[in-house]
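Readers should treat all values here as calculations from the given coordinates under stated rules, not as data from a laboratory. Just so you know, these numbers come straight off a predicted model, no measurement behind them. All Cβ positions, even for glycine, are placed from backbone atoms using ideal geometry, and neighbour counts span all protein chains on display.
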Amino acid sequence: MDFAFTDEQEELIRTLRVFARKELAPRSAHWDKTSEVPWDMWRRMGELGLMGLRAPAAYGGQDGDLLTAGIVIEQVCRGDFSAGYPLQLNWLAEEIIGKNGSDDVKQRWLARAATGEAIVALALTEPGVGSDAANLVCRADKDGGDYVLTGEKSGITLGMVAQAAVVFAKTDAGAKARGVTAFLVPLDLPGVSRSPLRDMGSHAAVRAVLAFDHVRIPASHRLGKEGTGFYQVMQGFDYNRVLIALGCLGTAQASLDETMAYVKERKAFGKRLATFEGVSFPIAEAATHIDAARLLCYRALWLADHQQPYTKESAMVKWWGPRLSVETIHQCLLLHGHYGYTDELPFEQRMRDVIGLEIGDGTAEVMKVIVARELMGRESLPY
């Protein structure tokens, strides 16, 4: 077994760590306070080749592997957690469009997504349908050479600023998963409206409710055959859940590094805080858990890149990584005393940010159901 990154990957880690420290971290609090959309930074990530990592090379992308994607997300989120969202969303969209889109859709959207000039959101979740994604209410009815899209999507990350969305809708109302079809929907079409959500964290992610009132979509914007949309997004969710965990762990690791530096300098009762076991033991525990979770994440991505099953590992890290990160950042906040509780230090923002990913892309409870299914078979399912 080889646990080492390649020389190129190590160089990427060093480059991105500098990028995160110098270009992302200094502006993170500003983006959080103002909800400003940092288009300049997203384009900068496009210039670095990050936004198009998963896009086909023929359309300006990198055709990058998932292990490299994990490295990118972990390092970027050390500087600003919300900076991971445009990367993850564009990567998911690039993969779905690249594999299933018409030539017209690929030409129009892939290169723009790869440069950071366009964001393509993922519109799956609905107000009354959260984890039960096979039972969508949003529908797409065939009308001549077009489809007419009607319904509502909720909790759509970057929904207020995205230029397009991969929208999942029922084309066969009588079917469950086999009745879901994916469409590339430009969000400036007549009949599309957006309403912002006021979240406690990740303010630069500007989530939205998207409403579709008889929106006419050309059949060329259907992604793949009718009835294949659910399987397209589920395949993407497996690796995206690992990327979510790594993003959370990157933020937690940055907090832990800063806290270790602080307790080695701060004194109480005539001694440095790091000498007290009540301080050093929680740090040792957090470091142990983060290392273990990180290794499981990269093992999952390695399995994915080698076309081996990794659904179990993906679900494991999706429930564990965000929870562990919340706990770690909370502990770091406490170790900084009353200043840790202020917004002068980054811990309160980071904790608000990562809590959202205990929910997004599948709750811990759903993830544990998946793990149990993979371990013990479908007879263990509660539904």
Nearest-ten-degree value, helix 229-265 long axis tilted from longest Cα axis of the chain:
20
At what distance in angstrom do the alpha carbon centres of region 9-76 and region 293-355 lie from each other?
18
As a test of the formula, what do you get for the chain when each DSSP H run with n ≥ 4 contributes -39,500 (n - 2.57) and the sum is divided by the residue count, at 222 nm and rounded to the nearest 500 deg cm²/dmol?
-16500 deg cm²/dmol
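Quick check on region 121-227: of the DSSP beta bridges with both residues there, what percent are antiparallel, nearest 5%?
In region 121-227, DSSP labels about 90 percent of beta bridges as antiparallel.
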Distance from a point 7 Å along Cα→Cβ of Ala58 to each backbone N in region 88-118: keep the residues under 15 Å and list them by number.
95-111
By how many degrees, between 0 and 90 and to the nearest 10, does the Cα long axis of helix 311-335 differ from the longest principal axis of the chain?
40
Extend 7 Å from the Cα of Leu375 along its Cα-to-C-beta direction; within region 288-325, residues with backbone N under 11 Å of that point are 316
With DSSP loop assignment and no more than 12 other C-beta atoms within 10 Å, the chymotrypsin sites (Phe, Trp or Tyr not before Pro) in region 267-340 are Phe269
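Could you calculate the contour length gain from His214 to Ser193, that is, 0.36 nm times the residue separation minus the distance between their Cα atoms, to one decimal place in nm?
The span from His214 to Ser193 would gain 6.4 nm if fully extended.
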Out of all DSSP beta bridges in region 53-191, what portion is antiparallel? Express it as a percent rounded to 5.
70
Relative contact order of region 121-227, pairs being alpha-carbon contacts under 8 Å that are 6 or more residues apart, as %
32
Need one number: nm distance between label points at Glu265 and Glu23, each 7 Å from Cα along Cα→Cβ, rounded to one decimal.
2.7
To the nearest 0.05, the calculated FRET efficiency linking Gln107 and Tyr231 through their beta-carbon distance, R0 being 22 Å, is 0.35
Remind me, relative contact order of the chain in percent, using alpha carbon pairs under 8 angstrom and six or more residues apart?
16
Where a ≥ b ≥ c are the square roots of the eigenvalues of the C-alpha gyration tensor, would you call region 39-143 rounded, which needs a/c under 1.5, or, failing that, prolate if a/b is larger than b/c, or oblate?
oblate
Pairs to check: Lys153/Lys176; Lys142/Lys170; Lys153/Lys225. Give those whose C-alpha atoms are more than 19 Å from each other in this structure.
Lys153/Lys225
For helix 84-100, what angle does its Cα long axis make with the longest principal axis of the chain, in degrees from 0 to 90 and rounded to 10?
30
Please find the FRET efficiency linking Ala292 to Asn135, where r is the Cβ-Cβ separation and R0 is fixed at 35 Å, and quote it to the nearest 0.05.
0.45
Relative contact order of region 230-380, pairs being alpha-carbon contacts under 8 Å that are 6 or more residues apart, as %:
30
Gap separating the Cα centres of region 360-383 and region 131-169, nearest whole Å:
26
Excluding residues fewer than 8 positions from Lys33 in its own chain, the lysines with Cα under 23 Å of it are Lys22
Based on the alpha-carbon gyration tensor of region 230-380 and its eigenvalue square roots a ≥ b ≥ c, which shape applies: rounded if a/c is under 1.5, prolate if not and a/b is larger than b/c, or oblate?
prolate
Of the listed peptides 197-205, 78-86, what is their order by residue-averaged count of other C-beta atoms within 10 Å, with the highest listed first?
78-86, 197-205
At a Cα cut-off below 15 Å, give the aspartates and glutamates reachable from Lys267, other chains included and same-chain residues fewer than 8 away excluded.
Glu277
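Go through 48-55, 188-195 and give me the packing order, highest mean Cβ count within 10 Å leading.
48-55, 188-195
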Neighbour-count ranking for Thr228, Thr68 (other C-beta within 10 angstrom, fewest to most) reads Thr228, Thr68
Packing-ranked peptide list from 176-182, 281-287, 256-262, highest mean Cβ count within 10 angstrom first, is 176-182, 256-262, 281-287
Indicate the gyration tensor shape class of region 141-294 (rounded, prolate or oblate), computed on the Cα atoms with a ≥ b ≥ c the square roots of the eigenvalues: a/c under 1.5 is rounded; otherwise a/b larger than b/c is prolate and the rest oblate.
prolate
